[in-house]
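Notes follow the structure.
The values are calculated or read from the model by the stated rules, or taken from the named source; none is laboratory data. Keep in mind that what you see is a predicted model, and the values were worked out from it rather than measured. Note that each Cβ is placed from the backbone with ideal geometry, even for glycine, and that neighbours are counted across all protein chains shown.
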């Protein structure tokens, strides 16, 4: 980044000539997101409404491009870190969001659960401990006020308020469980989202291509209640869905983040916010490009 060039371009943002402004804007949008600091400083000292509005639009576009770039990289690398993937979704709405701060809060929850665990517990006993710490002590719960509100899909908001939709609660639950070495993964069930507990003895076998063995399912929206396959089958039938293998098996982190984005598209559509809906769709398009 050439600071002198950037400062010169910023100084021209209040030019009344649209041709000049368009050229300046185009050049600034070629820069790295780091120029946002200079743009924000210029915004603070300006009293010109036109200048400030132009700066705000450029900052937003640069930050959106940055999230797109980071998300594209996350997808290309296989989406291995689920927390980081949903952090990037939240970074769209909260550009200054700090991943380390988010990570520390997840690790604090993990530590509280770890203190209650021991090597002699059964799978069900481990789940009961996670449920007790997450839902009784930390008070995580389903958002009942405005269930379809966008904030229920932004992981930082869910961690801060302890309220979220099914998938956001499942994300926190599974991320913490996996950090404890407990094989709990998301299940991409339509019109809901649940978790499955895999047979730990068959995890290594599943890496060789054999199908995972699900011991049972977990519903974090209902304080981590344990479900059997028959209950998932009943839900699928009740919702008049055509049964599919994917409704009963763990899904990928990439599928989970796509589902979060779909929820946000629906949320902004519900609010009639076409701008945010289109911008979230730009993030979704990255997945469609790589994983059709």
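Structure values in brief
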read-out: Some residue of the stretch 232-247 being closer than 30 Å to residue 120 by Cα, in the same structural domain as residue 132 (by TED's automatic domain parsing) and in a helix (DSSP H, G or I); value: yes
read-out: Residue match in the stretch 136-156 (condition: over 13 Å from the mean Cα position of the chain (by Cα), in a helix (DSSP H, G or I) and under 26 Å from residue 251 (Cβ atoms)); value: no
read-out: From 176, 133, residue being more than 21 Å from residue 84 (Cβ to Cβ), at pLDDT 95 or above, in contact with a helix residue (DSSP H, G or I) (Cβ under 8 Å, 6 or more places away or on another chain) and part of a helix (DSSP H, G or I); value: 133
read-out: Tally, over the stretch 85-102, of residues that are surrounded by fewer than 17 Cβ atoms within 10 Å (Cβ to Cβ) and either closer than 20 Å to residue 174 by Cβ or touching a strand residue (DSSP E or B) at 6+ places or on another chain (Cβ under 8 Å) (or both); value: 1
read-out: Residues within the stretch 24-79 that are touching a helix residue (DSSP H, G or I) at 6+ places or on another chain (Cβ under 7 Å) and outside any helix (DSSP H, G or I), tallied; value: 4
